[in-house]
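Novice: Sharing a structure, written as structure tokens. Questions coming.
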Amino acid sequence: MSAMPAENRPHQATGIVDAPNPERKRVVIVGGGFAGIAAAHALRHADVELVLIDRRNHHIFQPLLYQVATAVLSPAEIAAPIRQLELKQRNLNVLLAEVTSIDVASRTVDASSPGAGIRKVSFDYLVVATGMRPSYFGHDEFARYAPGLKSLGDAETIRAKILGAFELAETTEDEGERARQMTFVLVGAGPTGVELAASLAQMVQVTLRGNFRRIDPAKASIVLLDAGKRVLPTFAESLSRRVTRRLTKLGVKVLTGVKVETVDEEGVIAGGNRIPSATVIWTAGVVAAPVPKMLGTKTDRAGRALVGPLLNVVDAPGVFVVGDAASVMQDGHPVPGVAQAAIQEGRYVGRLIAKELKGRKVKRPFSYFDKGNMAVVGKNYAVLERGRLRTSGFLTWLVWAFVHVLSLPQLQNRLRVQHQWVWSYFTGQRSSRLIPEPPRTPGADAR
Ligand SMILES: Cc1cc2nc3c(=O)[nH]c(=O)nc-3n(C[C@H](O)[C@H](O)[C@H](O)COP(=O)(O)OP(=O)(O)OC[C@H]3O[C@@H](n4cnc5c(N)ncnc54)[C@H](O)[C@@H]3O)c2cc1C
């Protein structure tokens, strides 16, 4: 053992996360999404033992998941292994495990690792950054037929369903079944539903053109449904109208004010009408992952922890919730569940802990700086809202592309995505069109 005082010793991860470290405070971060990674990064120079727990080994750039689902990009292009992302951070231990319970009183979390069972990880500080998952509004049985889009697995499932549907439409002799295979229903007209619908429309019109002998993919029907009055409800109404016009021009049927009553093997029943469809995709709602509830603190209807102005859990010193898992109010409005908010919250808490460790008390509350809201509607068209600024069209699309490439987690992701986009832009082709498993025969299990 070195005789050097703890503060002068080089950062070294212990590799043992169960036992408390008497020499150094331990910060446990649960979740390696935007918020968790930002918190870890903000603590990179702090004299702490940092443990980042995630049930997945990778960080996902979720804003481009829809491009994996529609075969533009492959999973590795929008994701990065968490260990590789924070390779140079010597005070960081990454633990592949799922947090199954938290005991705030004894300051431990239970983390279940594949092969190692459940281990207790003690903490001095805890940062919960576990994000959201799809919500079926009390109808979890819909999930079997209508996958949500949250993980790389979801995106691959959706891609396989879409591509498989065209294969089945090509081979079936039954006209009704052919029409069902060539009908795609997206439930939820928020940014994900809109982006997915537009990308799918361009795929059927351009990428798949001439690929089949018996069917014409351009005749596929793409229906975007929402119970609300308009698409993109978080944007200004004028932008919603422009987006609806754009979607219609691309051949998407937009049905707003229509509630989905049932999703089953045959398709959906919406507003009292059945729409036969072999591919239903759920982009309607989200609910917090269960971890904030484990803190025993108050949560909102979506399961997000109601946090204090320092993003702290009230009555639990040293415990914070950030990103989508937190319900944060600013000037009477909720801070939106977007990547920028998650990054700013994670960074804020990381810096707060680093200051506290140096004996400085932080009193300045978290303040969200809104850099604007964007959505892309197929090739050459995006909308942007920032304060009173509202723009749409080709230039906005260029800004969207630039911002997204720059925000990707690693240089290799940026280079690969740029390469794919340039190829796809000029040829109309999409490089990720493989179906790993043969499509299932209609009537067999839906997923
Ligand atoms: C399809 C889609 C498109 C989007 N598009 C945009 C966009 O264009 N622009 C934008 O700003 N935002 C967009 N968002 C929202 C944005 O991605 C989120 O706001 C952001 O990811 C929130 O970051 P987070 O760190 O809070 O959670 P996440 O990024 O979701 O990360 C949560 C992490 O916690 C881990 N985790 C969860 N539970 C546990 C557990 N029990 N144990 C261990 N680990 C756990 C998960 O594996 C995950 O890695 C989109 C989201 C989706 C799903």
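The values are calculated or read from the model by the stated rules, or taken from the named source; none is laboratory data. The structure presented is a predicted model; accordingly, all values stated were derived computationally and were not measured. Counting neighbours? That spans all protein chains shown, and the Cβs are built from the backbone with ideal geometry, glycine included. Heavy atoms of the whole protein, side chains included, go into the accessibility calculation; ligands, DNA and RNA do not. Shrake-Rupley method; radii C 1.70, N 1.55, O 1.52, S 1.80 Å.
Novice: Name the pairs: first residue in region 367-384 and closer than 14 Å to Arg245 by Cα, second residue within 11 Å of the ligand (Cβ to nearest atom) and of a type in the set (Phe, Trp, Tyr), Cβ to Cβ under 6 Å, at least 6 apart or on different chains?
Specialist: Cβ pairs passing all conditions: Val376/Trp400; Ala382/Trp400.
Novice: Of all residues in region 62-86, which are touching a strand residue (DSSP E or B) at 6+ places or on another chain (Cβ under 9 Å), open to solvent by 10 Å² or more (accessible area, probe 1.4 Å) and part of a loop (DSSP other than H, G, I, E, B)?
Specialist: Passing the criteria: only Glu86.
Novice: Being within 30 Å of Gly393 (Cα to Cα), surrounded by fewer than 21 Cβ atoms within 10 Å (Cβ to Cβ) and within 12 Å of the ligand (Cβ to nearest atom), is that true of even one residue in region 265-285? Please lay out each step first, then the result.
Specialist: Within region 265-285, the subset within 30 Å of Gly393 (Cα to Cα) is 279-285.
Right, trim to surrounded by fewer than 21 Cβ atoms within 10 Å (Cβ to Cβ) and you get 285.
Filter again for within 12 Å of the ligand (Cβ to nearest atom), leaving 285.
Yes, region 265-285 has at least one match.
Novice: Let me ask something additional. Tell me the residue from Phe212, Phe235 that is in a loop (DSSP other than H, G, I, E, B), open to solvent by less than 10 Å² (accessible area, probe 1.4 Å) and of a type in the set (Phe, Trp, Tyr), please. Spell out how you get there, then give the answer.
Specialist: Values: Phe212 fails: open to solvent by less than 10 Å² (accessible area, probe 1.4 Å).
Criteria check complete, one pass: Phe235.
Okay, residues lined up against (1) on the phi > 0 side of the Ramachandran plot; (2) modelled with pLDDT of 95 or more; (3) β-branched (Val, Ile, Thr):
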{"residue": "Arg241", "(1), (2), (3)": "no, yes, no"}
{"residue": "Thr244", "(1), (2), (3)": "no, yes, yes"}
{"residue": "Lys249", "(1), (2), (3)": "no, yes, no"}
{"residue": "Gly257", "(1), (2), (3)": "yes, yes, no"}
{"residue": "Ala270", "(1), (2), (3)": "no, yes, no"}
{"residue": "Asn273", "(1), (2), (3)": "no, yes, no"}
{"residue": "Met294", "(1), (2), (3)": "no, yes, no"}
{"residue": "Val314", "(1), (2), (3)": "no, no, yes"}
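Novice: While we're here: When you look at Gln418, is it within 27 Å of Leu85 (Cα to Cα) and free of Cβ contacts under 8 Å to residues at least 24 places away in the same chain, yes or no? Write out each step before concluding.
Specialist: Details: within 27 Å of Leu85 (Cα to Cα): yes; free of Cβ contacts under 8 Å to residues at least 24 places away in the same chain: yes.
The answer is yes for Gln418.
Novice: Then there is this: Being aromatic (Phe, Trp, Tyr) and surrounded by 15 or more Cβ atoms within 10 Å (Cβ to Cβ) is the filter here, so list the residues in region 336-379 that pass it.
Specialist: Within region 336-379, the first condition is being aromatic (Phe, Trp, Tyr), and the residues that meet it are 348, 366, 368-369.
Those that are aromatic (Phe, Trp, Tyr) and surrounded by 15 or more Cβ atoms within 10 Å (Cβ to Cβ): Tyr348, Phe366, Tyr368.
Novice: Which condition number in (1) within 15 Å of the ligand (Cβ to nearest atom); (2) surrounded by fewer than 19 Cβ atoms within 10 Å (Cβ to Cβ) is the one that Asp315 fails?
Specialist: Only one criterion is unmet by Asp315, namely (1).
Novice: For region 359-376, which positions are more than 29 Å from Asp47 (Cα to Cα), modelled with pLDDT of 95 or more and of a type in the set (Gly, Ala, Ser)? Don't jump to the end; show me each part of the working.
Specialist: Kept after step one, since they are more than 29 Å from Asp47 (Cα to Cα), are these residues of region 359-376: 370-376.
Next cut, modelled with pLDDT of 95 or more only: 374-376.
Ala375, the sole residue that qualifies.
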